[in-house]
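Note sheet for the following structure.
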Amino acid sequence: MSKTERLILDLENTKIAFSTKSDKALNKMYRLFQLMKNNFLVNAGSSLGLIALKLKVPFTKYFIRNTIFKQFVGGETLDECKQEIDLLSKYNTKTVLDYGAEAKNAKEELDKVMNEVIRALEFGGQNETVTVATVKLTGLVQDGVLEELQAKGSLSAVNNERLEQLLERLHTICSMAKASDVAIYIDAEESWIQDSIDQITNKLMQQYNRDKVVVFNTFQMYRHDRLDFLKESYNNAINYGYKLGAKIVRGAYMEKERAYAAQHGKVSPIQKDKASTDRDYDLAISYCLDHVDTISFCCATHNMASTIKCAESIHKLEISKDHENISFSQLYGMSDYITFNLADAGFNVSKYVPYGPIADVIPYLIRRAEENTSVAGEMTRELKYIREEINRRSKN
Ligand SMILES: Cc1cc2nc3c(=O)[nH]c(=O)nc-3n(C[C@H](O)[C@H](O)[C@H](O)COP(=O)(O)OP(=O)(O)OC[C@H]3O[C@@H](n4cnc5c(N)ncnc54)[C@H](O)[C@@H]3O)c2cc1C
């Protein structure tokens, strides 16, 4: 890291990074991350935790609530999240509400997810620092519909009806988003349903992003075709007279994508190596910055180099740090050194705050635990900064 970069953004200031944490909370966080470093413990803990929850073993919920849930989830309900949202806001950090339920199939369950998103949007309308709610299309439609649409281009009668219901749910959500002045991030998912998600999202953007960006699509830069798709999406927006909303991520389903491609005898959509993903990620951010008046984008990453590069480019291009079309985001409970140092430096930054009943957010928690185990570099960095801060405080 060069000296000029440090001047624009120092992500290693641990005092700022952990200012939201008491000494006790910091020590607890350190112990939890140390435990999660252990692959065996994470795998065994995930399986045993699920079994214990199913069997209603006493104290399981209590244990989960006070450890991994507390670290990575805002609360079981919106009201429970309020305290955390207010704390984030005190440190100039906005909230993206992420209802944590995983895909279900019954119509009533899908309507329930829609109603939760609607509630999140209403809540956002009343809380100034809640600026976005997330939507996962697989949480709003039965399994198989998006896949069939993509593979065949048409649907069976029953799936066609389900698609119509999905579109109705989405229009209800987008209308509420517009009325509440809270945006919607549509999550990116697996490549075998992503074309369907893109098609639907483009139509929503065309309808709802005329004056202001209400709907954001997500672009996964671990795919080798996504930089071109970002440019195509931008040209589409210009041609049809709407603004593009773009959340730029690297992508969360790499192993699953590779396995699916191998199983179906297809070429994997994933880049040939990490360096190619990193290159396209930074190029995508650069592209968004070059079109910042017509693309509203979120640099959604825990990668320090990409974050600094984006901050540096904003500086070089003489764009205001708090430009309304630029924001950064990290997941709640992770990479606080990025979030709070960005906020302190005056950039727009948010935390993705998942919430929901413990049993429903368990798959999300297992993913976080596994991710923190497998991403050795990230974990080491997380622990290094917490340790540095504990040492710094002990000297004061
Ligand atoms: C706010 C937020 C929202 C998100 N929303 C979504 C979403 O909607 N959809 C989604 O899929 N993900 C989403 N993610 C997860 C994201 O895609 C990444 O999995 C995660 O953030 C790790 O990547 P990173 O940019 O933080 O940095 P790093 O830790 O530097 O990158 C790790 C990532 O690089 C890529 N990678 C690793 N090894 C290789 C390799 N050998 N070849 C090619 N690529 C490789 C993978 O994508 C891996 O996850 C989100 C993340 C955040 C922070």
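In this entry, G241 is excluded by the filter for residues that are surrounded by 22 or more Cβ atoms within 10 Å (Cβ to Cβ) and either within 13 Å of the ligand (Cβ to nearest atom) or over 18 Å from S329 (Cα atoms) (or both). Would you confirm whether any residue within region 360-375 is within 13 Å of the ligand (Cβ to nearest atom), in contact (Cβ under 8 Å) with a residue 40 or more places away in the chain and among the aromatic types (F, W, Y)? There is at least one residue in region 360-375 that is within 13 Å of the ligand (Cβ to nearest atom), in contact (Cβ under 8 Å) with a residue 40 or more places away in the chain and among the aromatic types (F, W, Y). Scanning region 218-238 for residues that are in contact with a Pro (Cβ under 8 Å, 6 or more places away or on another chain) and either among the hydroxyl-bearing types (S, T, Y) or surrounded by fewer than 14 Cβ atoms within 10 Å (Cβ to Cβ) (or both) gives a single hit, D225.
Does at least one position in region 190-209 carry a residue that is away from the ligand (no atom under 16 Å from the Cβ), touching a residue at least 24 places away in the same chain (Cβ under 8 Å), in a loop (DSSP other than H, G, I, E, B) and touching a Ser or Thr at 6+ places or on another chain (Cβ under 8 Å)? Within region 190-209 (the criterion being away from the ligand (no atom under 16 Å from the Cβ), touching a residue at least 24 places away in the same chain (Cβ under 8 Å), in a loop (DSSP other than H, G, I, E, B) and touching a Ser or Thr at 6+ places or on another chain (Cβ under 8 Å)), the answer is no, since none of the residues qualifies. Checked against the criterion of being under 19 Å from K178 (Cα atoms), surrounded by 15 or more Cβ atoms within 10 Å (Cβ to Cβ) and modelled with pLDDT of 75 or more, the candidates T93, T138, T134, T67 yield just one match: T134. The sole residue among S320, S313 that is small (G, A, S), surrounded by fewer than 20 Cβ atoms within 10 Å (Cβ to Cβ) and either within 16 Å of the chain's Cα centre (by Cα) or not in a helix (DSSP H, G or I) (or both) is S320. If you filter region 323-335 down to residues that are within 16 Å of the ligand (Cβ to nearest atom) and assigned to a loop (DSSP other than H, G, I, E, B), you find that the one that is nearest to D282 (Cα to Cα) is S335. Among the residues in region 340-362, are any on the phi > 0 side of the Ramachandran plot and at pLDDT 90 or above? Yes: region 340-362 contains one or more residues that are on the phi > 0 side of the Ramachandran plot and at pLDDT 90 or above. Just one of the listed residues (K272, K243) is in contact (Cβ under 8 Å) with a residue 24 or more places away in the chain and out of contact with any helix residue (DSSP H, G or I) (no Cβ under 8 Å at 6 or more places or on another chain), namely K272.
Let me confirm something: among A237, A259, which residue is touching a Leu at 6+ places or on another chain (Cβ under 8 Å), in a helix (DSSP H, G or I) and among the hydrophobic types (A, V, I, L, M, F, W, C)? It would help to see each step written out before you state the result.
Details: A259 fails: touching a Leu at 6+ places or on another chain (Cβ under 8 Å).
Among A237, A259, only A237 is touching a Leu at 6+ places or on another chain (Cβ under 8 Å), in a helix (DSSP H, G or I) and among the hydrophobic types (A, V, I, L, M, F, W, C).
Please enumerate the residues belonging to region 151-180 that are within 28 Å of L331 (Cβ to Cβ) and not small (G, A, S). Once the filter is applied, which keeps residues that are within 28 Å of L331 (Cβ to Cβ) and not small (G, A, S), region 151-180 yields L166, R169, L170, T172, I173, C174, M176, K178. Pairs linking a residue in region 290-302 that is on the phi > 0 side of the Ramachandran plot to a residue that is more than 7 Å from the ligand (Cβ to nearest atom), with Cβ atoms under 6 Å and 6 or more positions apart or on different chains, do not occur. Out of V249, V215, I need the residue that is closer than 23 Å to K178 by Cβ and within 14 Å of the ligand (Cβ to nearest atom). Which one? Sole residue among the options that is closer than 23 Å to K178 by Cβ and within 14 Å of the ligand (Cβ to nearest atom): V215. Starting from residues that are among the basic types (K, R) and farther than 30 Å from K256 by Cβ, keep the ones in region 167-217 and report whichever is surrounded by the most Cβ atoms within 10 Å (Cβ to Cβ). Within region 167-217, the match that is surrounded by the most Cβ atoms within 10 Å (Cβ to Cβ) is K178.
Scanning region 224-234 for residues that are part of a loop (DSSP other than H, G, I, E, B) and either more than 15 Å from the ligand (Cβ to nearest atom) or of a type in the set (D, E, K, R) (or both) returns a single hit, D225.
When region 265-305 is filtered for residues that are away from the ligand (no atom under 11 Å from the Cβ), of a type in the set (D, E, K, R) and not in a loop (DSSP other than H, G, I, E, B), only D290 remains. Yes or no: region 159-169 includes at least one residue that is under 18 Å from Y185 (Cα atoms) and in contact with an Asp or Glu (Cβ under 6 Å, 6 or more places away or on another chain). Among the residues of region 159-169, not one is under 18 Å from Y185 (Cα atoms) and in contact with an Asp or Glu (Cβ under 6 Å, 6 or more places away or on another chain), which makes the answer no. Go through the residues of region 206-215 one by one and say whether even a single one is over 29 Å from Q126 (Cβ atoms) and of a type in the set (A, V, I, L, M). Checking region 206-215: not a single residue is over 29 Å from Q126 (Cβ atoms) and of a type in the set (A, V, I, L, M). Only one of (1) over 18 Å from the mean Cα position of the chain (by Cα); (2) among the aromatic types (F, W, Y); (3) surrounded by 15 or more Cβ atoms within 10 Å (Cβ to Cβ) fails for Y62. Which number is that? Answer for Y62: the failing condition is (3).
The values are calculated or read from the model by the stated rules, or taken from the named source; none is laboratory data. A quick note: this is a predicted structure, and the numbers were derived from the prediction, not measured. Cβ: placed from backbone, ideal geometry, glycine included. Neighbour counts: every protein chain shown.
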